[in-house]
Amino acid sequence: MKRRVILFCATLVSLAARTAAAGDSPDLAGFVLGSACLTCHAAGGAIAPLEGREAVGLAEQLDGFRDGTRAGTVMPRLARGLDDAQIARIAAWLAAREVSR
């Protein structure tokens, strides 16, 4: 089961990264990339919700996962495929969202 979740999340991030790299508008790219995050990080879930948090903090956490300075199980694998622009788009989109109930 854990392997399936990791594969599913990795697929979402991969598709989102391709969409963002294709030159779509930042809002669309942020939506596509950030929506993949909400698969696990929505309000009411078992994992900490990300909506409404400060963009700078979100970006720093993703940077840490990507460069290996922040430990995690799934997130380092997912963040490794993101570039700086994609991380900024994800962080901005999540920060702008109201926390869902």
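With each pseudo-label sitting 7 Å past Cα toward Cβ, what's the Thr73-Val56 distance in nm, one decimal?
Going from the Thr73 label point to the Val56 one covers 3.2 nm.
Ordered by residue, what ³J(HN,Hα) values in Hz, to whole numbers, does region 44-53 give under the Karplus form 6.51 cos²θ - 1.76 cosθ + 1.60, where θ = phi - 60° and Gly and Pro are x?
x, x, 7, 10, 3, x, 10, 4, x, 6
Please list, in order along region 61-73, the HN-Hα scalar couplings obtained from phi with the Karplus expression 6.51 cos²θ - 1.76 cosθ + 1.60 (θ = phi - 60°), rounded to whole Hz, x for Gly and Pro.
Per-residue couplings from phi come out as 5, 5, 4, x, 4, 5, 8, x, 8, 10, 7, x, 9 Hz.
Coordinate-derived values only; no laboratory data. None of the values given here were measured: they were computed from a predicted structure. Heads up, the Cβs are rebuilt from the backbone with ideal geometry, glycines too, and the neighbour counts pull from every protein chain shown.
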